[in-house]
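For reference, the structure is listed below as structure tokens.
The values are calculated or read from the model by the stated rules, or taken from the named source; none is laboratory data. Please read all numbers here as calculations on a predicted model, not as lab measurements. Using ideal geometry, Cβ is built from the backbone for each residue, glycine included, and neighbour counts are taken over all protein chains shown. What goes into the accessible areas is simple: the full protein's heavy atoms, side chains included, and nothing from ligands, DNA or RNA. Shrake-Rupley method; radii C 1.70, N 1.55, O 1.52, S 1.80 Å.
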Amino acid sequence: MTTLVRNGTVVTASDRYQADIYIDKGVVTLIGQGLNLPADTVIDASGKLVMPGGIDVHTHLDMPFGGTNSADDFQTGTVAAAHGGTTTLVDFAIQNFGEGLYPAYEGWMKRAEGKAVVDYAFHMIVRELTDQVSGEMDRMVKHEGVTSFKLFMAYPGVFMVDDATIFRALLKTRDNGGLICMHAENGGVIDTLVKEALRKGQKAPKYHALTRPTRAEGEATGRAIALAEMAGVPIYIVHLSCSDALEKVKQARDMGLPAYAETCPQYLFLSYDDYERPGFEGAKYVMSPPLREKWNQEALWKGLAKNDLQVVSTDHCPFCMNEPPQKQLGKDDFSKIPNGAPGIETRLMLVWDGGVRAGKIDMHRFVEIVSTNPAKMFGLWPKKGTIAVGSDGDMVLFDPDKETTLTAKTLHMRVDYNPYEGRVVRGGPAMVLSRGEVIVDHGEFKGRPGRGQYVKRQPGRPLVG
Ligand code: URP
Ligand code: ZN
Ligand code: ZN
């Protein structure tokens with residue numbers, strides 16, 4: 001199968017030029033001007049920016065959490081991703097207590113097979129680091145292409161591991177080239193504050209945020225970086241939400257340490273005020289870390305512009321309000337509201353509108369933080385994350401003038417609300433190609449379940465600077 005994308009403006013993290021792109025059997029084989037080659041599919045990209053497909057390195061599809069499963073599975077979630085211009089995602093497989101890493105890896109493979117419409121890879125959430133698991137970390141990196149591991153400093157009894165475990169896992173990555181991704185919140189402090197709030201009868205959704213102070217994230221972020229420094233390895237902080245935590249990353253980077261971090265659109269566009277919505281509405285925004293006071297948003301945008309933050313991912317982990325009643329599990333107790341919110345479909349539109357259109361970042365930095373950097377950090381580059389000869393034909397034909405009203409009614413995520421309901425954004429995908437195949441054409445889905453392929457990742461390349 002061959003595809004020719006003609007007359008577009010190619011935009012990568014470093015370049016911008018008019019060119020035609022020829023894709024043969026899923027891979028870019030020629031880039032040039034005035035290419036006059038026969039192709040099975042010829043696409044006119046006049047007026048469009050041709051960018052590498054989005055890469056979302058933080059998703060939770062079909063994830064068991066808080067007594068239910070996240071509402072999108074690998075089919076509905078990847079269809080939504082495709083509509084939003086994301087052509088590769090890295091989801092989190094979860095080690096069960098008392099088991100090794102292989103049952104989790106195989107379980108997540110089964111969840112995705114026959115369903116995924118875009119390419120996918122896995123990180124591994126490690127909950128127990130026995131000697132056997134330690135050996136399996138090596139095998140995951142070497143043989144299975146699972147080259148990153150998430151550890152939690154929060155959720156005692158569920159995911160949280162102690163500092164000794166964190167340190168041993170970090171040392172493991174020194175030997176095998178893997179990368180530790182850290183959920184950095186001080187779980188002991190938070191758990192105590194939650195119990196205290198409940199004792200006082202403070203049960204509404206807003207107490208989720210009020211019991212997870214920014215200092216708890218800042219402290220854990222600093223501690224995680226210090227542990228990585230002592231182990232002599234890089235570290236990647238996931239879903240960084242606030243200035244307190246960003247300052248720790250900045251300090252470390254100023255010292256020359258290989259500390260990296262992602263933030264997510266919810267922390268750039270939403271705030272604590274959303275918890276003050278009437279009734280149980282605040283439950284829509286219950287996620288961890290929680291939304292912060294609005295002033296943090298400006299600090300995060302600066303962090304992205306100045307490269308103290310390198311990636312925008314989504315932490316897509318949707319739970320329905322009513323159909324089915326998932327968030328309702330915490331109707332009378334905020335600590336029982338499943339944590340997470342939808343975002344896999346809206347990332348590119350939001351970051352373009354609030355970042356590029358608003359003049360906070362340029363279009364090359366946009367490509368870098370939504371595609372190229374995630375690909376480099378997580379061992380997908382240069383197969384993914386750029387447009388170059390030899391790279392996969394994963395592309396977004398981006399229309400900078402396309403206007404979209406974000407609403408649960410028309411978005412494709414399988415969840416009965418949208419955190420940005422009614423927000424109008426300008427700039428969005430007109431067409432989306434995965435390995436040269438058109439999977440979304442002006443809002444119409446053209447892919448098929450099961451076409452997405454598992455990508456074995458290489459150890460990531462810590463970014464320079
Ligand atoms: O609230 C969140 N973030 N849910 C997903 C699990 C996690 O910690 O990433
Ligand atoms: Zn997390
Ligand atoms: Zn997450």
Could you pull the accessible area for Cys320 with a 1.4 Å probe, rounded to 10 Å²?
10
For segment 9-110, which chymotrypsin sites (Phe, Trp or Tyr not before Pro) pass both filters: DSSP loop (anything but H, G, I, E, B) and at most 10 other C-beta atoms within 10 Å?
Phe97
With only alpha-carbon atoms in the gyration tensor, what are the semi-axes of the equivalent ellipsoid for the chain, in Å, largest first?
34, 25, 21
When the dipole is taken about the Cα centre of segment 52-377, and only Lys, Arg (+1) and Asp, Glu (-1) are charged at their Cβ, what size is it in debye, to the nearest 20?
500
Report the full-extension gain for the segment Glu247 to Thr410: residue separation times 0.36 nm, less the Cα-Cα distance, to one decimal in nm.
54.9 nm
Which whole-number percent is the relative contact order of segment 124-275 (Cα, under 8 Å, 6+ apart)?
20
Ordering Tyr207, Tyr275 by accessible area with a probe of 1.4 Å, largest first, what comes out?
Tyr207, Tyr275
Two-site FRET efficiency, Met109 against Glu196, from Cβ-Cβ distance with R₀ of 41 Å, rounded to 0.05:
0.45
Sequence of Asp399, Asp315 from largest to smallest accessible area, 1.4 Å probe:
Asp399, Asp315
Quick one: accessible area per residue over the chain, 1.4 Å probe, rounded to a whole number of Å²?
36
Looking at the chain only, what percent of DSSP beta bridges run antiparallel? Nearest 5 please.
50
Lys/Arg +1, Asp/Glu -1 at C-beta; segment 365-465 dipole; positive extreme among Gly428, Pro449, Gly460
Gly460
In the neighborhood of Lys284, defined by Cβ-to-Cβ distances under 11 Å, what is the net charge if each Lys or Arg adds +1 and each Asp or Glu adds -1?
-2
Average Cα contact separation per residue, the chain, under 8 Å, 6 or more apart, as relative contact order %
22
Which value at 222 nm does the chain reach when only helices count, each DSSP H run of 4 or more adding -39,500 (n - 2.57), with the total divided by all residues and rounded to the nearest 500 deg cm²/dmol?
-7500 deg cm²/dmol
Over 29 Å between Cα atoms, which of Lys327/Lys402; Lys200/Lys409; Lys25/Lys306; Lys48/Lys306 qualify?
Lys327/Lys402; Lys200/Lys409; Lys25/Lys306
Trypsin sites (Lys or Arg not before Pro) within segment 1-103: DSSP coil, no more than 15 neighbouring Cβ in 10 Å
Lys25
So which GluC sites (Glu not before Pro) in segment 350-434 are both in a DSSP loop and have at most 13 other Cβ atoms within 10 Å of their Cβ?
Glu421
Selected from Pro156, Ala169, Ile190, residue furthest toward positive end of dipole (segment 52-377; charges at beta carbon):
Ile190
The simple spin-label model distance between Asp163 and Arg139, using points 7 Å out along Cα→Cβ, in nm, is 3.3
Top to bottom by accessible area (1.4 Å), largest first, where do Tyr417, Tyr272 land?
Tyr272, Tyr417
Between Met255 and Leu30, what length in nm is gained on full extension when 0.36 nm per residue of separation is reduced by their alpha carbon distance?
76.8 nm
How big is the accessible area of Phe445 in square angstrom, nearest 10, if you roll a 1.4 angstrom probe over the protein chains?
60
Using a probe of 1.4 angstrom, how much of the accessible area of the chain is carbon and sulfur, in percent?
49
Under 10 Å, Cβ to Cβ, from Thr9 - net charge with Lys/Arg +1 and Asp/Glu -1
+2
Quote to one decimal, in nm, the extra length available between Asp441 and Tyr102 on full extension: 0.36 nm per residue of separation minus the C-alpha distance between them.
118.3 nm
